[in-house]
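*Asks:* Have a look at the structure that comes next, please.
The values are calculated or read from the model by the stated rules, or taken from the named source; none is laboratory data. Because the structure is predicted, anything quoted here is derived from the model rather than measured. No Cβ is skipped: glycine too gets one built from the backbone with ideal geometry, and neighbour counts run over all protein chains shown.
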Amino acid sequence: MRACGLLLVMLAVACGEAPAPVGPPRCEPPEELVLERGLKEGFRALLDEDREAAQAAFERVLAVAPDHPEALAGQRLLRDRPARAAATPPPPAGHIVLSGQPVAVAVPVNTDTYRFEEKRAQVRLAREMNLRAGEGPTASYYRPRRNARGEEIPPEDTERLRALIDLVVLHDSLTETARESFLRLGETGGSTHFTIDYDGTIYQNLDLAYEATHSGDASVDGRSVSIDLVNPATTSRPPLPEDATLDRFARPLSDFERVQGEEVQQWGYTEQQLSALAQLLHELARALPALPLSVPPAALGERRAAPEGPLALRGIVGHLHLSRRASDPGPGFDWQALSARLH
């Protein structure tokens, strides 16, 4: 019995890590294990496009069996099969405009349809032609940005502009569509840099080199990006336009929440809008190094103007954080969810 036990131990040691055999016990010579493992590793590395690992594995096999046909075939495959080209990053999905130049971004942006530069040009031309389209308020819309000292920054001075912009202000549009929003702002002489429609379409309305007229505070406008989120806000209006596909777009109704000390209920934002907003904010932070991807702590609790004043704010804020007279983007905007999306 002792001899049988010793024989079994010797068999197990000689077989190494080989799986338990089925049927009578047998052992493969060590060189056979080298060949088998080497071939498996070589062809697996070849499939994984790891050419160096495949070559090393086939060489180990040929060191034991110089004429091994499968190892030689593996080397021929290495010679005849061209190396796969390095994976190239996907092309940018779109671009935003800064100082008249496109800046590639990973989110589609419509930079042509609703532009305040074109709106101003149309109004001025209409006045020159004595057309009724030139009537109404002065087409101020925008102007070159100014720093904290009131110094004008030339629109082509990209580096100074990048260093200046450290704030994004979110507004609701009080409209059902982006087209309505653009027309409403055009009638009042106001402007914004971006509008995000209910379906998530992002429109750039103004070159980031210019100061949009959006907050009522020149010290804010000079260093901020304005984003209008299409939303009728008030529940007296329908949440979506008539042609919106209701099974694709849903605009929730908020609970009553205290905003600037008053109980307010408004329409919220579609999932498509919130997703597009988070993507756009990521791209703006990448293009504008002074812009932090943060929301003010007060935004996660009571919705009110920042007590320390707008000059202390950085990152992403709502109009309501700048002015006690503002409530946008309203109780339907989930600041905590935005913070989670950004991080």
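*Asks:* With the structure loaded, tell me whether GLY261 is under 15 Å from PRO331 (Cβ atoms), touching a residue at least 40 places away in the same chain (Cβ under 8 Å) and either surrounded by 15 or more Cβ atoms within 10 Å (Cβ to Cβ) or of a type in the set (A, V, I, L, M, F, W, C) (or both) or whether it fails that test.
*Replies:* The answer is no for GLY261.
*Asks:* Take the residues of the stretch 46-66 that are at pLDDT 85 or above and not in a helix (DSSP H, G or I): which is surrounded by the most Cβ atoms within 10 Å (Cβ to Cβ)?
*Replies:* Result: ALA65.
*Asks:* Among the numbered conditions (1) of a type in the set (D, E, K, R); (2) crowded, with 21+ Cβ neighbours inside 10 Å; (3) in contact with a helix residue (DSSP H, G or I) (Cβ under 9 Å, 6 or more places away or on another chain), tell me where ARG248 comes up short.
*Replies:* So ARG248 meets the others, but not (2).
*Asks:* Here is a follow-up. Can you find, within the stretch 103-140, the residue that is nearest to PHE182 (Cα to Cα) among those that are assigned to a loop (DSSP other than H, G, I, E, B), under 32 Å from the mean Cα position of the chain (by Cα) and not hydroxyl-bearing (Ser, Thr, Tyr)?
*Replies:* Ranking the candidates gives ARG115 first.
*Asks:* Tell me, yes or no, whether the stretch 292-299 has at least one residue that is of a type in the set (Gly, Ala, Ser) and within 20 Å of TYR198 (Cα to Cα).
*Replies:* no
Conditions (1) under 24 Å from ALA305 (Cβ atoms); (2) surrounded by fewer than 19 Cβ atoms within 10 Å (Cβ to Cβ); (3) among the hydrophobic types (A, V, I, L, M, F, W, C), marked per residue:
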| residue | (1), (2), (3) |
| --- | --- |
| THR158 | no, yes, no |
| ASP166 | yes, yes, no |
| LEU170 | yes, no, yes |
| THR177 | no, no, no |
| THR188 | yes, yes, no |
| THR192 | yes, no, no |
| TYR210 | no, no, no |
| HIS214 | yes, no, no |
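*Asks:* Name, by its number, the condition in (1) assigned to a helix (DSSP H, G or I); (2) within 18 Å of LEU320 (Cβ to Cβ) that does not hold for ASP255.
*Replies:* Result: ASP255 fails condition (1) only.
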